[in-house]
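Just so it is clear, none of the values below were taken in a lab; they were calculated from the coordinates. This one's a predicted model, so the numbers in the text were calculated from it and none came from an experiment. Backbone-built Cβ (ideal geometry, glycine too); neighbour counts: all protein chains shown.
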Ligand code: DC
């Protein structure tokens, strides 16, 4: 069994930024499980399926193969043999992933892949249900959060830097909607595991958060 660090938290809390840096410092492999849900979401979008068409989503799962490879230490997501990493962060992909990740068949499809990755190597894995469902015996569990305002501002800045036009209030309401969906779904909802450390990054720098988590790891 590898050494396993689980990081859960809401959208925009900085999980992937932090997890990547901790992985580098500690020599762990960074596993981004949201990217796997996004990979499946691309499959549904490419098939012209709408997020609410649950039956079609379940059927489409049968011929979707999501695989993960590491190229120069960076996670690459393949969908049926094609590298789709560059499309993962698109807004419509995130929204599709948020809705379809509430479907049990979608979660079941990815659970084994996630557990297998953690079984054989030292990983830091981020998502929504890592500490509660995917790796209940993880060595370290962190629930990383930040206020909605902070998360919206970070996302706004990120998009601005990429030259993408956006509206702060729209981003904020999108985040609130996604939080609500992720926290209230029946299966594997986003919640802090009982044995997880709570880290609120609203008033912390990236380095401070990284140091706090590194401190918790062996
Ligand atoms: O972390 P992210 O924004 O890339 O995740 C996209 C969506 O995938 C998110 O809205 C909820 C879902 N997700 C999930 O249900 N469970 C995970 N472990 C990771 C992501």
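Summary table
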{"quantity": "Per-pair calculated FRET efficiency, R0 = 25 Å: residue 91 and residue 52 via Cβ, rounded to 0.05", "calculated": "0.90"}
{"quantity": "Helical contribution to [θ] at 222 nm, DSSP H n ≥ 4, -39,500 (n - 2.57), averaged over the chain, rounded to 500", "calculated": "-15000 deg cm²/dmol"}
{"quantity": "Convex hull per residue volume in Å³, alpha carbons only, for the stretch 133-172", "calculated": "110"}
{"quantity": "Bins of 10 Å, starting at 0 and running to the largest distance - Cα pair percent for the stretch 126-218", "calculated": "15, 38, 35, 12, 0"}
{"quantity": "Exposure proxy ranking, count of Cβ atoms within 10 Å, fewest first, for 123, 99", "calculated": "99, 123"}
{"quantity": "Cubic angstrom per residue, convex hull over Cα atoms of the chain", "calculated": "122"}
{"quantity": "Calculated FRET value between residue 218 and residue 160, using beta carbons and R₀ = 35 Å, to 0.05", "calculated": "0.35"}
{"quantity": "Selected from 17, 145, 205 as most flexible by GNM, with the chain as the system and alpha-carbon contacts under 10 Å", "calculated": "205"}
{"quantity": "Distant alpha-carbon pairs in the stretch 1-89 (separation over 15 angstrom), percent", "calculated": "64"}
{"quantity": "Relative intensity, log₁₀ I(q)/I(0), of the stretch 59-164 from a Debye sum that treats every alpha carbon as a point, q = 0.17 Å⁻¹", "calculated": "-1.12"}
{"quantity": "DSSP-defined antiparallel bridges as percent of all bridges, the chain, nearest 5", "calculated": "30"}
{"quantity": "Max mean-square fluctuation residue, GNM over the chain, Cα-Cα springs under 10 Å, options 164, 206, 84", "calculated": "164"}
{"quantity": "Simple spin-label estimate for residue 194 and residue 120 in nanometres, 7 Å along Cα-Cβ", "calculated": "3.3"}
{"quantity": "For peptides 188-194, 1-7, 212-218, sequence by mean Cβ density within 10 Å, most packed first", "calculated": "1-7, 188-194, 212-218"}
